[in-house]
Each structure stands twice: as C-alpha cells, then as structure tokens.
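Taking it in order: structure first as structure tokens, then the write-up.
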Amino acid sequence: HQRRVRGGSQAMAFSSMALLVLISLAAGAAGLPRWSWDHVNVFTHCSNLTGYLNPSAAGIFASRPIFSMGGYHAQLASPVNSSQESKFVEQARAIRAIAPPGAEAPVTILAYFVTGTRTNYRTGEWFRAHPDLLLHGSNGSLLPSPSNPNIDLGNPDAMSQLVSRIQEMLEQPADGGQALDGLFLDGQQRAGMDQLASECNASTGSAYLRGCDEFHTQARRLVGDDGVVVSLGDVWPSDSGENMGLLWLHPLNHDVHTAIAQWSPKAARGEAILALHDGSDFDIALAVFLLLAQNQSYFYSNRYQAENFELWSCPYWTYNGDEWSKPIGVPTGNYANSSGAYRREFGSGTRVTVDASGSPGDRPIACILWADGSQTGNCPSA
C-alpha cells in the first residue's frame, strides 16, 4: 500500500460545518493495506469517545496495517458532539506523524460512516439544522426517531451535501499524502432499512433505498481506485465496489462448524476477509481465523472481553501481544477436517487445530503450536 496523493482537484480548506459479508478482491490490488504470510495481520477499529488517542495508543495503531476510526471517535473532545469529519482528519494526522516517515508501507487509516445514515455525532449537527433533508415517515415524524433521525438519501440535495462533506474530508493532506486512505461503511441490516422505508410513503421509501445503494457507489468513487472501502453489513453484493469485506467471527454457542461452513467456500475462492470477534474465546477465534486465512486476511486485534459500547473503546484494542509477531509462513494447503477436528499447517512449522467434535454447545478445543515452540489455546501435553 502506497500513500495516496489525489490528482485532478485542489484540496479544499477544511470546514467543520457541519457485516456478515465477504467481498471479492484481486490479490495485490492497488491501495490495499500491507500484508504478508510472515505473521498475523491485524486490523483495529475503535472509537475513543472521550477524546483523541494518547501518544502511546496512537503509536500502537500507527504500527498496525489498518486503523479504522469508529463513529464516536473523539466525540467528547472540543467542540463536543460536533465536527466529526475534522476530528477524523486531525487524529489521522497525529498517527501519520508518529509513523516512521517515508515508510514503504504505512498504516492504512479509514473513517467510519453509516449508510442510512443517522444524524447523531456521526454526521454532525449540520443536517439537524436542515430538517427538510431528513427522513420523514408517512405521518410526518422523523425516522427512526426525532432524537436520532436518518438523512434522507433519496433526496438529491441531502445526498449531494453528504457526499461533498466526505469528499472534502478525504482530500485533506498529511505528510506528503492524504490524511485518510478510505472509508469503513457500516451497511446496517437490510431488514432495518426496509422497515424504515415501509414507514414512509411509497415514493419516499423507494427513493430512500435507492439512495442507500447510491451512497455506496458514491463512496467508492470518492475513495478512488487506490483507496480502501471496507463494508460491514448484509446489504451489498460483491460487485458493489468495496475491496474488503468484514466477517463477524464470533462462534455463538461455540458453533465453529457453522462459522467455517459459511466462510470457507468464499475464502477458498480467494476473497478478502477480516475476522471480527468480541474479545471472548480469543484462542478459538484466532485458531479458526488461521484455519481459513487467505491472501489479504486480517484479524481484529481485540484480546479482551468487553460489554456493549465498551467493546469499541480503543483501550480494548491496544493489545500488542506476542501472537502478532509469531512466525506463520505460507500454508501447506487448506484445512483438513476429520470428524469435526480441523487442522492446518504452515510453512514455518506453525500448526493449528480446532477440535469441535464434541456435543453441541461444548467449547471447542483450540490449539496453535507456533513454530518457535510457544502455544496459544488449550494444547495437549507433549
């Protein structure tokens, strides 16, 4: 991944006005984050609600292949509850300043937006001052609620304003390139979007759903061929323009069979994957990830269990453990499955097993035997 320098337009002065899905990816495509089989490649997505990152945390994220700022990042920094776009840019610049200058493969930094899209801090107060650009139900009420309404993306003026704000943000410079490399788009759930549309009159609802799809298209255009768009949600097919997709890998009730069955056909086709877990069952999540990892596969770097919103708080994502530097090497092949016991080996000598052959609901036995002789998980005695 090379730092982007946009051509064809002058960077504008910045104003503070204010999924389970896998996406096809051509390996080595322009603009993708750095990646190799040498070790586990990690991805960080978090919101530091109270303010900007301290230098220690910023330094950790500067060393990662990808850092994505969540929707509430620096919300309580001055000016409180506003200026999200400018805060994204300032945080990105601070991380760029920490990263080694002139690095061949610097961190890829993304900004988070919700397709839909709500007008709480994530998009600032500007839209609240223009209620004609917000989504209204057939009874005239704001949707989904007066305190947290969505932008009416079926309204051309609303779409134009949102796209121009994102474009302005993406054009902001930092250290010889752009401050931001792309966008993390949370597609929400199609059922929820359909529900909102059903509460509008027919023409407004249809236009809103078309606008949500169009917003994705516009985001891909704004980022450009050398940028990164990550998609979380169940809304868009793999030809919609994202170049990375996100898989929520949390073995509910320890059902790794379902996770592997859903993921492995797509991974085998060489699709890009990001593995997200909630911090619990870390050894299981990491082992299943290694069973299925392909080129451009990234593991979410959270190591700890957290509750509700705290899951996305940046302190939970500063885990900088030994797992990220352990040797892996090119896999000798895809995983093997013997009666519910999964196994995969790598060129360095690292071996991964997940024994899920027990009764439904039993905790699988995950073991990673690293090439350096260390272990992660519940490994049998030698």
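Laboratory data are not the source of any read-out in this text; all were calculated from the coordinates shown. These figures come from a predicted structure and were not determined experimentally. Quick reminder, even Gly has a Cβ in these numbers, built from the backbone with ideal geometry, and neighbours come from all protein chains shown.
What to note about this one:
- Directionally averaged shadow of the range 135-227, computed from the convex hull of its alpha-carbon atoms, nm²: 6.6
- Of the three principal axes defined by the Cα atoms of the range 144-193, the extents in descending order read 42, 23, 19 Å.
- R0 of 35 Å, Cβ-Cβ distance THR332-THR258: FRET efficiency to nearest 0.05: 0.85
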